[in-house]
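Engineer: Got a structure for you, written out below as structure tokens; questions coming shortly.
The values are calculated or read from the model by the stated rules, or taken from the named source; none is laboratory data. Nothing here was measured: the structure is a model prediction, and the numbers come from that model. Because the Cβ atoms are built from the backbone with ideal geometry, glycine has one as well, and the counts that use them run over all protein chains shown.
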Amino acid sequence: MIGIDDLQVRFNTEKGVVHAVRGVTIDVAAGEFYTLLGPSGCGKTTTLRCLAGLERPTGGRITVGNAVVHDSGLGVSVPTHKRDIGMVFQSYAIWPHLTVFENVAFPLREKRPKIDEAVIRDRVANALELVQLSGYESRPAPFLSGGQQQRLALARAIVREASVVLFDEPLSNLDAKLRAETRLELRKLVKRLGMTALYVTHDQTEALTMADRVAVMRDGEIVQEASPVEIYMRPNSRFVASFIGQCNFAGGTVRRAVNGSGVGQLETEWGPMQYSVATEAEAGEDVTVAVRPENVRLIGPGADGLPEGEIVEKMFLGDCVECRVSVGTAHIFARVHPSQAVEVGQRIGVDIRPEDVALLSA
């Protein structure tokens, strides 16, 4: 439904040419919820704006459905209003002088040939019902709460009945509790309507909870594209591992590779460890070991073969207690249930299962 091939974007600035997007290629299936995730300045919003027709690419090809909307080689560039897309902006872009009804009806009134007023009323009513704003038709848009304005912006995108909807960090202006509630509602609504969504965010939680597939961007390039589970559990670089949640890193050396044996052996800053996920790393190769804090179990000292350490710091986070443990020649963070008795200065065994160890290039 969305195809982007070798997208290139360069900007001329006072300091010279900035290569903002470098050969981005993505293919989003019909009905898929696809997320571009990355830090500020990585090129994710520029990519989305090129898809929307709000930015002119320097090179590349973009298709929406079966229609080519941009092709630098052929000199094709379809205007934004002729592309089969809806868009929800970070600022919502609500018309403050219009009512809720008129905000949603606006894109229909701009269509040519002109749409019958009765059809407009029906389509607006259906869109408002989907986002649970029925009964608010006559209310001035500025009198809505932040969450209601976000849903109003979504209704305006829905009413166009476009096959593709683009989201540019639409939840960033909401408070934490409302953001958590709205992201689940938004995903369910998009899925129920069968829309194809391309969602831009810098929030890892939004990406992991909402997306069918995540593309992590850095410096104008996609550095890893996979399902949320694979991105989190099997990052392909230290950048991805550290950007998607908290992660422990340690230098290590492969003593025995997996190579079909089931379990490999490592010597690390934390002590000897095992790993079970096959990689291209061979015996004698230096690697970086990555382990999520929630996969570090703290148990009584003395267990055979387990590294031991000392708890040097602990912090209560509500749903867990985060501990910093001095082990080997380094430190490791662990998250344990609040009911587990842990104290600063306590000697503790550190248990990490082989399947929870990821190996990255050193």
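Engineer: Quick test of your reading of the structure: GLY262 fulfils all but one of (1) in contact (Cβ under 8 Å) with a residue 40 or more places away in the chain; (2) surrounded by fewer than 17 Cβ atoms within 10 Å (Cβ to Cβ); (3) farther than 23 Å from ALA330 by Cα. Name the failing condition by number.
Structural biologist: The single condition GLY262 does not satisfy is (1).
Engineer: Continuing with the same structure: Among what's in the stretch 274-288 and is buried (at least 17 other Cβ atoms within 10 Å of the Cβ) and modelled with pLDDT of 90 or more, pick the residue that is nearest to the chain's Cα centre (by Cα). Before the answer, list the steps.
Structural biologist: So the first thing to find is which residues in the stretch 274-288 are buried (at least 17 other Cβ atoms within 10 Å of the Cβ), and the list is 274-275, 279, 281, 287-288.
When the remaining residues are screened for being modelled with pLDDT of 90 or more, the result is 274-275, 287-288.
On the way: GLN274: 30, TYR275: 27, VAL287: 27, THR288: 24 Å.
Checking each candidate, the answer is THR288.
Engineer: Could you pull out the residue among ASP122, ASP27 that is without any contact (Cβ under 8 Å) to a residue 60 or more places away in the chain, in the same structural domain as PRO170 (by TED's automatic domain parsing), in contact with a Gly (Cβ under 6 Å, 6 or more places away or on another chain) and farther than 24 Å from THR205 by Cβ?
Structural biologist: Numbers: ASP122 fails: in contact with a Gly (Cβ under 6 Å, 6 or more places away or on another chain).
Of ASP122, ASP27, the one residue that is without any contact (Cβ under 8 Å) to a residue 60 or more places away in the chain, in the same structural domain as PRO170 (by TED's automatic domain parsing), in contact with a Gly (Cβ under 6 Å, 6 or more places away or on another chain) and farther than 24 Å from THR205 by Cβ is ASP27.
Engineer: Quick check, is ALA141 surrounded by 14 or more Cβ atoms within 10 Å (Cβ to Cβ), touching a His at 6+ places or on another chain (Cβ under 9 Å) and free of Cβ contacts under 8 Å to residues at least 60 places away in the same chain?
Structural biologist: On the way: surrounded by 14 or more Cβ atoms within 10 Å (Cβ to Cβ): yes; touching a His at 6+ places or on another chain (Cβ under 9 Å): yes; free of Cβ contacts under 8 Å to residues at least 60 places away in the same chain: yes.
Taking the combined requirement at face value, the residue satisfies it.
Engineer: Which one of these is touching a strand residue (DSSP E or B) at 6+ places or on another chain (Cβ under 8 Å), among the hydroxyl-bearing types (Ser, Thr, Tyr) and buried (at least 18 other Cβ atoms within 10 Å of the Cβ): TYR199, TYR92? Talk me through it step by step, then tell me what you get.
Structural biologist: Working: TYR92 fails: touching a strand residue (DSSP E or B) at 6+ places or on another chain (Cβ under 8 Å).
Result: TYR199 is the single residue among TYR199, TYR92 that is touching a strand residue (DSSP E or B) at 6+ places or on another chain (Cβ under 8 Å), among the hydroxyl-bearing types (Ser, Thr, Tyr) and buried (at least 18 other Cβ atoms within 10 Å of the Cβ).
Engineer: Still on this structure: Identify all residues within the stretch 220-260 that are more than 12 Å from LEU360 (Cα to Cα), within 16 Å of the chain's Cα centre (by Cα) and part of a loop (DSSP other than H, G, I, E, B); write none if there are none.
Structural biologist: Once the filter is applied, which keeps residues that are more than 12 Å from LEU360 (Cα to Cα), within 16 Å of the chain's Cα centre (by Cα) and part of a loop (DSSP other than H, G, I, E, B), the stretch 220-260 yields GLY220, SER227, ILE244, GLY245, GLN246.
For (1) assigned to a loop (DSSP other than H, G, I, E, B); (2) farther than 25 Å from THR205 by Cα; (3) of a type in the set (D, E, K, R), each residue gets a yes or a no:
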position	(1), (2), (3)
GLY31	yes, no, no
THR35	no, no, no
PRO39	yes, no, no
THR46	no, no, no
LEU51	no, no, no
GLY73	yes, yes, no
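Engineer: Need at least 3 residues that are touching an Asp or Glu at 6+ places or on another chain (Cβ under 9 Å) and farther than 20 Å from ALA250 by Cβ per element, so show me which strands (runs of 3 or more DSSP E) inside the stretch 290-362 make the cut, counting only ones lying wholly within it. Walk me through how you get there before you give the answer.
Structural biologist: On the way: elements: 297-299, 308-316, 321-327, 330-336, 347-351, 358-361.
Strands (runs of 3 or more DSSP E) meeting the threshold: 308-316.
Engineer: Return the residue satisfying two criteria in turn: it lies in the stretch 13-30 and is out of contact with any strand residue (DSSP E or B) (no Cβ under 8 Å at 6 or more places or on another chain) and not small (Gly, Ala, Ser), and of such residues it is farthest from ALA226 (Cα to Cα). Steps first, please.
Structural biologist: At the first step, the residues of the stretch 13-30 found to be out of contact with any strand residue (DSSP E or B) (no Cβ under 8 Å at 6 or more places or on another chain) are 13-16.
Okay, now just the ones that are also not small (Gly, Ala, Ser), so 13-15.
Values: THR13: 34, GLU14: 37, LYS15: 35 Å.
This residue is GLU14.
Engineer: Check whether at least one residue in the stretch 166-175 is free of Cβ contacts under 8 Å to residues at least 60 places away in the same chain, under 28 Å from GLY43 (Cβ atoms) and touching a Leu at 6+ places or on another chain (Cβ under 7 Å), and report yes or no.
Structural biologist: No, every residue in the stretch 166-175 fails to be free of Cβ contacts under 8 Å to residues at least 60 places away in the same chain, under 28 Å from GLY43 (Cβ atoms) and touching a Leu at 6+ places or on another chain (Cβ under 7 Å).
Engineer: Suppose we filter GLU230, GLU221, GLU185, GLU267 for residues that are surrounded by fewer than 18 Cβ atoms within 10 Å (Cβ to Cβ) and touching a Ser or Thr at 6+ places or on another chain (Cβ under 6 Å); which single one remains?
Structural biologist: Matching residue, one of GLU230, GLU221, GLU185, GLU267: GLU267.
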